[in-house]
Amino acid sequence: LSIARESGAAPVILLTKSDLCPETPDRLAEIRTIAPDLPVHAISALHNRAECLSTVSPYLLSGRTIALIGSSGVGKSTLLNTMVGSKLSIVSPKKQTTRQRILGIVTQGCAQIILVDTPGIFAPRRRLDRAMVAAAWSGAADADQVVVLVDAAQRTVDPDTRGILERLKAEQRPALLV
(Lines give C-alpha, C1' and ligand atoms only; values in the text may rest on other atoms or scores of the structure.)
Protein backbone atom coordinates (compact mmCIF):
# COMPACT_ATOMS: atom_id res chain seq x y z
CA LEU A 1 0.00 0.00 0.00
CA SER A 2 2.86 2.38 0.67
CA ILE A 3 4.07 1.93 -2.92
CA ALA A 4 0.57 2.71 -4.18
CA ARG A 5 0.28 5.84 -2.08
CA GLU A 6 3.77 7.02 -3.10
CA SER A 7 2.83 6.57 -6.77
CA GLY A 8 -0.14 8.92 -6.39
CA ALA A 9 -2.68 6.12 -6.75
CA ALA A 10 -5.92 6.15 -4.80
CA PRO A 11 -6.01 2.61 -3.40
CA VAL A 12 -9.23 0.65 -3.36
CA ILE A 13 -8.90 -2.97 -2.32
CA LEU A 14 -11.03 -5.23 -4.47
CA LEU A 15 -10.91 -8.98 -3.88
CA THR A 16 -12.05 -10.74 -7.02
CA LYS A 17 -13.00 -14.38 -7.43
CA SER A 18 -14.93 -14.33 -4.15
CA ASP A 19 -17.04 -17.19 -5.51
CA LEU A 20 -13.94 -19.40 -5.34
CA CYS A 21 -12.89 -18.42 -1.83
CA PRO A 22 -14.96 -19.83 1.06
CA GLU A 23 -12.91 -17.71 3.50
CA THR A 24 -13.93 -14.38 1.90
CA PRO A 25 -15.43 -12.89 5.11
CA ASP A 26 -12.27 -13.78 7.05
CA ARG A 27 -10.05 -12.29 4.30
CA LEU A 28 -12.10 -9.07 4.29
CA ALA A 29 -11.81 -8.76 8.08
CA GLU A 30 -8.05 -9.37 7.90
CA ILE A 31 -7.57 -6.70 5.23
CA ARG A 32 -9.76 -4.18 7.05
CA THR A 33 -7.54 -4.66 10.11
CA ILE A 34 -4.41 -3.97 8.05
CA ALA A 35 -5.85 -1.03 6.09
CA PRO A 36 -8.75 0.43 8.10
CA ASP A 37 -8.73 3.71 6.14
CA LEU A 38 -9.28 2.10 2.73
CA PRO A 39 -12.42 0.84 1.04
CA VAL A 40 -12.34 -2.97 0.81
CA HIS A 41 -14.76 -4.99 -1.33
CA ALA A 42 -15.17 -8.60 -2.46
CA ILE A 43 -16.81 -9.38 -5.79
CA SER A 44 -17.17 -12.18 -8.27
CA ALA A 45 -16.47 -10.74 -11.70
CA LEU A 46 -17.71 -13.95 -13.32
CA HIS A 47 -21.14 -14.35 -11.77
CA ASN A 48 -22.68 -11.09 -10.62
CA ARG A 49 -22.55 -8.12 -13.01
CA ALA A 50 -24.89 -5.94 -10.92
CA GLU A 51 -22.75 -6.40 -7.81
CA CYS A 52 -19.59 -5.73 -9.77
CA LEU A 53 -21.00 -2.53 -11.29
CA SER A 54 -22.37 -1.20 -8.03
CA THR A 55 -19.08 -1.89 -6.28
CA VAL A 56 -16.60 -0.60 -8.87
CA SER A 57 -18.52 2.23 -10.59
CA PRO A 58 -18.38 4.75 -7.70
CA TYR A 59 -14.61 4.88 -8.10
CA LEU A 60 -14.69 5.50 -11.85
CA LEU A 61 -15.12 8.81 -13.64
CA SER A 62 -18.46 8.87 -15.46
CA GLY A 63 -18.32 9.96 -19.10
CA ARG A 64 -14.60 9.26 -19.34
CA THR A 65 -12.23 6.76 -20.87
CA ILE A 66 -10.70 4.44 -18.28
CA ALA A 67 -7.70 2.22 -19.00
CA LEU A 68 -7.41 -1.07 -17.13
CA ILE A 69 -3.71 -1.82 -16.74
CA GLY A 70 -1.68 -4.30 -14.74
CA SER A 71 0.65 -7.23 -15.10
CA SER A 72 -0.45 -10.31 -17.02
CA GLY A 73 -3.17 -12.46 -15.49
CA VAL A 74 -4.59 -10.00 -12.93
CA GLY A 75 -8.15 -10.03 -14.34
CA LYS A 76 -8.35 -6.99 -16.61
CA SER A 77 -10.25 -8.84 -19.35
CA THR A 78 -12.57 -10.57 -16.88
CA LEU A 79 -13.42 -7.23 -15.26
CA LEU A 80 -14.05 -5.60 -18.66
CA ASN A 81 -16.34 -8.43 -19.77
CA THR A 82 -18.28 -8.33 -16.51
CA MET A 83 -18.67 -4.55 -16.46
CA VAL A 84 -19.80 -4.43 -20.09
CA GLY A 85 -22.05 -7.48 -19.71
CA SER A 86 -20.70 -9.20 -22.81
CA LYS A 87 -17.66 -11.27 -23.73
CA LEU A 88 -15.57 -8.76 -25.67
CA SER A 89 -12.15 -9.85 -24.53
CA ILE A 90 -10.66 -13.33 -24.43
CA VAL A 91 -10.27 -14.85 -20.97
CA SER A 92 -7.88 -17.73 -20.43
CA PRO A 93 -5.76 -19.21 -17.66
CA LYS A 94 -2.81 -18.62 -20.02
CA LYS A 95 -1.12 -15.27 -19.50
CA GLN A 96 -0.70 -12.65 -22.23
CA THR A 97 -3.82 -13.57 -24.22
CA THR A 98 -4.84 -9.92 -24.75
CA ARG A 99 -2.53 -8.61 -27.46
CA GLN A 100 -4.13 -5.27 -28.33
CA ARG A 101 -6.38 -2.67 -26.74
CA ILE A 102 -10.05 -3.62 -26.57
CA LEU A 103 -12.78 -1.04 -25.92
CA GLY A 104 -15.99 -1.68 -24.02
CA ILE A 105 -18.79 0.72 -23.12
CA VAL A 106 -20.52 0.48 -19.75
CA THR A 107 -23.92 2.15 -19.54
CA GLN A 108 -25.55 2.92 -16.21
CA GLY A 109 -28.67 5.01 -16.42
CA CYS A 110 -27.72 8.11 -18.41
CA ALA A 111 -23.99 7.73 -17.85
CA GLN A 112 -21.46 5.89 -19.97
CA ILE A 113 -17.91 4.84 -19.25
CA ILE A 114 -15.49 3.65 -21.91
CA LEU A 115 -13.23 0.91 -20.56
CA VAL A 116 -9.98 0.04 -22.32
CA ASP A 117 -8.70 -3.49 -21.73
CA THR A 118 -4.94 -3.50 -22.30
CA PRO A 119 -2.35 -6.24 -22.67
CA GLY A 120 -0.49 -7.15 -19.50
CA ILE A 121 2.57 -5.08 -18.69
CA PHE A 122 5.71 -7.13 -18.13
CA ALA A 123 9.42 -7.11 -18.96
CA PRO A 124 9.38 -7.70 -22.73
CA ARG A 125 11.90 -10.03 -24.39
CA ARG A 126 10.70 -10.29 -28.00
CA ARG A 127 9.35 -7.87 -30.60
CA LEU A 128 5.75 -9.05 -30.02
CA ASP A 129 6.23 -8.56 -26.26
CA ARG A 130 7.45 -5.00 -26.82
CA ALA A 131 4.47 -4.26 -29.08
CA MET A 132 2.01 -5.59 -26.50
CA VAL A 133 3.55 -3.57 -23.65
CA ALA A 134 3.63 -0.46 -25.87
CA ALA A 135 -0.09 -0.96 -26.62
CA ALA A 136 -0.82 -1.16 -22.90
CA TRP A 137 1.07 2.06 -22.11
CA SER A 138 -0.53 3.77 -25.11
CA GLY A 139 -3.96 2.83 -23.77
CA ALA A 140 -3.04 4.31 -20.41
CA ALA A 141 -1.69 7.51 -21.97
CA ASP A 142 -4.86 8.05 -24.00
CA ALA A 143 -7.24 7.49 -21.07
CA ASP A 144 -8.76 10.03 -18.70
CA GLN A 145 -8.27 7.68 -15.74
CA VAL A 146 -5.99 4.72 -15.12
CA VAL A 147 -7.07 1.76 -13.01
CA VAL A 148 -4.20 -0.51 -11.96
CA LEU A 149 -5.31 -4.05 -11.16
CA VAL A 150 -3.23 -6.14 -8.76
CA ASP A 151 -3.55 -9.86 -8.05
CA ALA A 152 -4.90 -9.95 -4.50
CA ALA A 153 -3.73 -13.54 -4.04
CA GLN A 154 -0.10 -12.43 -4.07
CA ARG A 155 1.30 -11.56 -0.68
CA THR A 156 3.87 -9.15 -2.14
CA VAL A 157 3.97 -6.71 -5.03
CA ASP A 158 5.49 -8.43 -8.06
CA PRO A 159 8.27 -6.66 -10.03
CA ASP A 160 5.96 -5.91 -12.99
CA THR A 161 3.38 -4.18 -10.76
CA ARG A 162 6.12 -2.31 -8.93
CA GLY A 163 7.42 -1.08 -12.31
CA ILE A 164 3.93 0.04 -13.35
CA LEU A 165 3.45 2.05 -10.16
CA GLU A 166 6.93 3.57 -10.42
CA ARG A 167 6.32 4.67 -14.01
CA LEU A 168 2.97 6.22 -13.11
CA LYS A 169 4.67 8.06 -10.26
CA ALA A 170 7.48 9.30 -12.54
CA GLU A 171 4.88 10.55 -15.04
CA GLN A 172 2.91 12.13 -12.17
CA ARG A 173 -0.11 10.23 -13.45
CA PRO A 174 -2.81 9.69 -10.80
CA ALA A 175 -4.34 6.25 -10.84
CA LEU A 176 -6.84 4.12 -9.02
CA LEU A 177 -5.29 0.99 -7.58
CA VAL A 178 -7.61 -2.03 -7.49
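The values are calculated or read from the model by the stated rules, or taken from the named source; none is laboratory data. Computed from a predicted structure; not experimentally measured. Don't worry about glycine lacking a Cβ; one is built from the backbone with ideal geometry, like all the others, and counts go over all protein chains shown. Remember, those area values only see protein heavy atoms, side chains included, never the ligands or the DNA or RNA. Shrake-Rupley method; radii C 1.70, N 1.55, O 1.52, S 1.80 Å.
Return only the number of the condition from (1) open to solvent by 60 Å² or more (accessible area, probe 1.4 Å); (2) assigned to a strand (DSSP E or B); (3) in contact with a Ser or Thr (Cβ under 7 Å, 6 or more places away or on another chain) that THR107 does not satisfy.
(3)
Specify which of the listed residues (VAL133, VAL146, VAL157) is among the hydrophobic types (A, V, I, L, M, F, W, C), surrounded by 15 or more Cβ atoms within 10 Å (Cβ to Cβ), out of contact with any strand residue (DSSP E or B) (no Cβ under 9 Å at 6 or more places or on another chain) and modelled with pLDDT of 85 or more.
VAL133
If a residue has to be modelled with pLDDT under 70 and in a loop (DSSP other than H, G, I, E, B) to count, how many in the range 7-20 make the cut?
Final tally of qualifying residues: 4.
Identify the single condition in (1) under 14 Å from the mean Cα position of the chain (by Cα); (2) without any contact (Cβ under 8 Å) to a residue 24 or more places away in the chain that LEU165 does not satisfy, given that it satisfies every other one.
Failing condition for LEU165: (2).
From the list LEU68, LEU61, which residue is closer than 21 Å to ARG173 by Cβ, part of a strand (DSSP E or B) and of a type outside the set (S, T, N, Q)?
Sole residue among the options that is closer than 21 Å to ARG173 by Cβ, part of a strand (DSSP E or B) and of a type outside the set (S, T, N, Q): LEU68.
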